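Comments concern the structure below.
The values are calculated or read from the model by the stated rules, or taken from the named source; none is laboratory data. These numbers come from a predicted model, not from an experiment. Glycine also receives a Cβ, built like all others from the backbone with ideal geometry; neighbour counts cover every protein chain displayed.
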Amino acid sequence: MADDMTDLKITVVYYLARNGVTGGHNKTVDTVKNRAGIAVHEQGDAEAVIRELVRDPEAPVEAYGGQRDAIRLTDMQDAVDFIENLGGDPPFGL
């Protein structure tokens, strides 16, 4: 179960990094769940992981106040480091 959650964390942060969701850009939680390649039966767990990432000060994901229920990356390099620390491969070119 813990490995599944780690994989979901990597998937969410990877999706945000690959799409450059930082600075003024943001995505809603539903958009991330639906477009990050997460299976339908895992979307409930994915939403829990996203909420956990927003609360975790070590994670590169933050809530974005400009739009309801939106998130973005704090910094692209932080996202790459986070993915690598969890054992994932960062997006090509980053």
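Any residue in the range 23-46 that's without any contact (Cβ under 8 Å) to a residue 60 or more places away in the chain and within 17 Å of Ile10 (Cβ to Cβ): show its pairings with residues that are among the polar types (S, T, N, Q) and assigned to a helix (DSSP H, G or I) at Cβ separation under 7 Å, as long as the two are six or more apart or on different chains. Cβ pairs passing all conditions: Lys33/Gln43; Ala36/Thr11; Gly37/Thr11; Ile38/Thr11.
For residues in the range 1-23 being touching a strand residue (DSSP E or B) at 6+ places or on another chain (Cβ under 6 Å) and outside any helix (DSSP H, G or I), which is surrounded by the fewest Cβ atoms within 10 Å (Cβ to Cβ)? Checked the range 1-23; the qualifying residue surrounded by the fewest Cβ atoms within 10 Å (Cβ to Cβ) is Thr22. Can you spot a residue in the range 32-40 that is among the hydrophobic types (A, V, I, L, M, F, W, C) and in contact with a Leu (Cβ under 8 Å, 6 or more places away or on another chain)? Yes, because at least one residue in the range 32-40 is among the hydrophobic types (A, V, I, L, M, F, W, C) and in contact with a Leu (Cβ under 8 Å, 6 or more places away or on another chain).
If we keep just the residues of the range 24-61 that are in a loop (DSSP other than H, G, I, E, B) and out of contact with any helix residue (DSSP H, G or I) (no Cβ under 6 Å at 6 or more places or on another chain), which is modelled with the lowest pLDDT? Even if it seems obvious, please write down each step before you answer.
Let us first name the residues in the range 24-61 that are in a loop (DSSP other than H, G, I, E, B), namely 24-26, 36-39, 56-60.
Cutting the leftovers down to out of contact with any helix residue (DSSP H, G or I) (no Cβ under 6 Å at 6 or more places or on another chain) gives us 24-26, 37, 39, 56-58.
On the way: Gly24: 88, His25: 92, Asn26: 93, Gly37: 93, Ala39: 93, Asp56: 94, Pro57: 93, Glu58: 93.
Per the stated criteria, the residue is Gly24.
Close contacts from the range 52-76, counting a first residue that is within 13 Å of Thr22 (Cβ to Cβ) and a second that is of a type in the set (Asp, Glu), with Cβ to Cβ under 9 Å and a gap of 6+ residues or different chains, come to Pro60/Asp75; Pro60/Asp78; Pro60/Asp81; Ile71/Glu62; Arg72/Glu62; Leu73/Glu62; Thr74/Glu62.
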